[in-house]
Amino acid sequence: MTVALIVDVGLAILILFVAGWIVAVRSTFAAIIGFVVYGLLLSLVWVRLWAIDIALTEAAIGSGVTGALLLRTLSRLPVGHSERSANGSFRFIAGLFCAFISLAIAAVIVALPEPPPTLAPEASAGLPAIGVGNPVTAVLLSYRAFDTFLEKVVLVLALVGCWSLAADRDWGGTPVLWRYSDPDGVLKFLAQTLPPIGVLVAIYMLWTGADHPGGAFQASAMLAAMWMLTIVAGLMRMPRTNDDLLRLTLVSGASAFLLLGFAGFGIAGSFLAYPPDYAKALIVAVEIPMTIAVAATLVMLVAGPPQRGSVS
């Protein structure tokens, strides 16, 4: 048995254990922390499968941002809220259903032909015409660029839905994020030290994503984390939801994508098409506002609905 096989088997067992623990634990907070750990373990699985882009996305979005959203939701629950679990019969039936789905998926995977059906050769063959070396970027920004555009629109609509939960009197106010009160604590030092490094890492991930693992989504998560860190440490304030600059930033990604799509009629003959000589430059150019917009959207989603007159 090789070392790699031992690592893979151990990782699989650990993931199953954490998943079972998340289901069985009674504390909501403990379940959320377990979910974050579970996402990080899944990112290691993607690394072992050499799917680095998916690993980065899983760690940043699936674990980090989603974990922050869950913790934020937990913090808004009333003090002393009940953590009653479902009755035993319901949990047993739900467990059987989940086990059936898992076994069905496993059976389908095992039954796949060898070699499995794939469009990877066709996707790789088109990379020279697009000008990027990362096939994931080619898929997201060229082959299925319209889907990516719709994802940006959905993010903005999700934020609008989040803001709509606010009372009428609070509309246009300031969302409230966690606030750490110790002015001389370690968190403030980290908030002063890490953001410059984080911004540089985000810029690198955005730039290198055209040819290597990385890209706008991972860079957005990094920028969002740095912004939230400075807010929680009290170094920055949350913007009001009626701030014109904030709203312009939130729609800038989808707007830039849409403008580029219509420009494709004139420069390449169809919607969201790129001329071969400028394809990479246009892709990187549209990813810049997209990264900033997604980062701002993630922060505002974590912050939640506005509260007029609140201080963050």
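The values are calculated or read from the model by the stated rules, or taken from the named source; none is laboratory data. Predicted, not measured: the structure shown is a model, and the values here were computed from it. Neighbour counts are summed over all protein chains in view; Cβ atoms, including those assigned to glycine, are modelled from backbone coordinates with ideal geometry.
A few notes on this one:
- Residue check for GLY20: assigned to a helix (DSSP H, G or I) and either modelled with pLDDT of 90 or more or closer than 30 Å to LEU155 by Cβ (or both): no
- The single condition among (1) in contact (Cβ under 8 Å) with a residue 60 or more places away in the chain; (2) part of a helix (DSSP H, G or I) that LEU200 does not satisfy is (1).
- Hits in segment 91-119 - residues which are under 18 Å from VAL25 (Cβ atoms) and either surrounded by 12 or more Cβ atoms within 10 Å (Cβ to Cβ) or modelled with pLDDT under 80 (or both): ARG91, ALA94, GLY95, CYS98
- Pairs, first in contact (Cβ under 8 Å) with a residue 12 or more places away in the chain and within 15 Å of LEU42 (Cα to Cα) in segment 17-28, second part of a helix (DSSP H, G or I) and hydroxyl-bearing (Ser, Thr, Tyr), C-beta under 9 Å, six or more apart: VAL18/TYR38; ALA19/TYR38; ILE22/TYR38
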